[in-house]
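Worksheet: the structure to be examined is printed underneath.
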Amino acid sequence: HSSQPPSGPTATSPPTTTTLQKVLLMQQKSRRTIFIALVIPGIVTAATLVTMLILLPHAPSEIVMQWSGDEPSRYGHPAELLFVPLIAAGISLIAWAALGSVNLNTGSQSPNSQRIAIIIGNAINAALCATAVIMLVTQLGSNADGGLSGILIALIPAAAVGLLTFALVRRPVE
């Protein structure tokens, strides 16, 4: 056991101003990325849940939950749709945590893979939340048919949230 301090390239030297600036920039971008990964799906999920809770009292006791071709194949209570935004938020977090944390090619964290995972996760969250609201809205009223044609409208908020997320995380960590 040597009691001498390390010397040479392994010696600890005070960090340079440039090194500190890079570290602070990376921490700032990391915090921004985490904020975007948590806040956007959180807002979308909360807005969806509030909207659905407002609409649920106006829904029939059974609504179409699953389609087989052009025919309904499963009915259920409209409250079942409340699980969709929660599952969507979970998928968004899993996409960020699992896909964004490790680059599969190098085994290390990649800012680009993290940004892509957040964009995809947030877009999926928006698409699933919009789908749940559309499934409920299309079955309200006297002429409710709950058709699948309206479900494709869910791609609009998915694209909007995906583009918003892209705009917020587009700059790579330097």
Complete set of residues in the range 117-155 that are in a helix (DSSP H, G or I), hydrophobic (A, V, I, L, M, F, W, C), modelled with pLDDT under 80 and surrounded by fewer than 19 Cβ atoms within 10 Å (Cβ to Cβ): Leu148, Ile151, Leu152, Ile153, Leu155
Residue in the range 70-81 that is assigned to a strand (DSSP E or B), open to solvent by less than 80 Å² (accessible area, probe 1.4 Å), in contact with an Asp or Glu (Cβ under 9 Å, 6 or more places away or on another chain) and not polar (S, T, N, Q) present: yes
Residue under evaluation Val44, criteria (1) exposed (fewer than 13 other Cβ atoms within 10 Å of the Cβ); (2) modelled with pLDDT of 65 or more, criterion not met: (1)
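Filter the range 44-69 for residues that are outside any loop (DSSP other than H, G, I, E, B) and hydroxyl-bearing (Ser, Thr, Tyr); which is farthest from Ala130 (Cα to Cα)?
The initial filter retains those residues of the range 44-69 that are outside any loop (DSSP other than H, G, I, E, B), namely 44-58, 63-68.
In the following step, the residues that additionally are hydroxyl-bearing (Ser, Thr, Tyr) were identified as 45, 48, 51, 68.
Values: Thr45: 10, Thr48: 8, Thr51: 10, Ser68: 20 Å.
The qualifying residue farthest from Ala130 (Cα to Cα) is Ser68.
The values are calculated or read from the model by the stated rules, or taken from the named source; none is laboratory data. Just so it is clear, the structure is predicted and the values come from calculations on it, not from any experiment. Heads up, the Cβs are rebuilt from the backbone with ideal geometry, glycines too, and the neighbour counts pull from every protein chain shown. Just so you know, the surface numbers come from the protein's heavy atoms only, side chains and all, with ligands and any DNA or RNA stripped out. Shrake-Rupley method; radii C 1.70, N 1.55, O 1.52, S 1.80 Å.
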